[in-house]
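Everything below concerns the one structure shown next.
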């Protein structure tokens, strides 16, 4: 090999290799100790998440239950849980999350979620009080309230769902059986009260299994095909009845308004007639006063003018009067024209 092609010596790499070769046994020992420390720390500590809860077992015996801070399940159902594992001596209920300590290689930790789960039932035919049928589907919101009881009596989600199905469906059927179809379909207050009563019954039973149902509601209500036509007919009849009532009330208000307007019109008309009579009387009085003053100023002219008015009103193209020259109508006219005085 040529001298120009030789790799230069790396003194740092050479020293490191020499040190490792000299202290190989000690390095391996330290590495093993580090691995053992990591394993020991992993066995001594565990972390409980914000949405988690745990059961700590020691040789198969439950020693500690870790639940969330806001979980007051054991306080509310203490009367029903006195004989259960959660209230036995030697079992400690701890609240909170974060880093926890356990005995290494002896204690085993089972972790469960504290989130809400949703249960949805199958659609079932349910009869109301008057034997009307509906296809009803229900849903419920539930969570694992006591992981120890859940672990011992149910163990998994499938068994929990089956247990909920066995309890919720009968309670819903009994609640709807006691209700009329009108209340079931239209009266949410009555329905919610019935569901609340059923919820209490369900939770008393499920509390012994470490589960609490937070809410239960009717998810969907569908009429059987045989009942749809009759229900639609009843709904149409009800709407027609309401419409007729509204029309009757409108007609009544209309008649009241017309009567009130007619009465007001008659009152106004009567007042107008009365005022017209008064004004006419006053006008006639004023006219008579004017006539009297005019007659007093020139009695002959006034007699002549009144005679003309009388002749104008009594004569037309086809009327012929034969009067004596001394007749009052003719005499005044002749006297005024000839300048003679009577």
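For the residues 244, 236, the requirement of being under 30 Å from residue 221 (Cα atoms), modelled with pLDDT of 90 or more, surrounded by 10 or more Cβ atoms within 10 Å (Cβ to Cβ) and out of contact with any strand residue (DSSP E or B) (no Cβ under 6 Å at 6 or more places or on another chain) singles out 244. Is it the case that residue 159 is in contact with a helix residue (DSSP H, G or I) (Cβ under 9 Å, 6 or more places away or on another chain), in the same structural domain as residue 222 (by TED's automatic domain parsing) and more than 21 Å from residue 215 (Cβ to Cβ)? Taking the combined requirement at face value, the residue satisfies it.
Of all residues in the stretch 93-133, those being closer than 23 Å to residue 144 by Cα and within 38 Å of the chain's Cα centre (by Cα) number 14.
Per the conditions (1) touching a strand residue (DSSP E or B) at 6+ places or on another chain (Cβ under 8 Å); (2) within 30 Å of residue 235 (Cα to Cα), the sole criterion not satisfied by residue 187 is (1).
Might you check whether a residue that is crowded, with 19+ Cβ neighbours inside 10 Å and free of Cβ contacts under 8 Å to residues at least 40 places away in the same chain occurs anywhere in the stretch 173-189? Yes; the residues of the stretch 173-189 include at least one that is crowded, with 19+ Cβ neighbours inside 10 Å and free of Cβ contacts under 8 Å to residues at least 40 places away in the same chain. Number of residues in the stretch 170-193 that are within 19 Å of the chain's Cα centre (by Cα) and assigned to a helix (DSSP H, G or I) equals 11.
The values are calculated or read from the model by the stated rules, or taken from the named source; none is laboratory data. In this text, all values refer to a predicted model and were calculated from it rather than measured experimentally. Cβ: placed from backbone, ideal geometry, glycine included. Neighbour counts: every protein chain shown.
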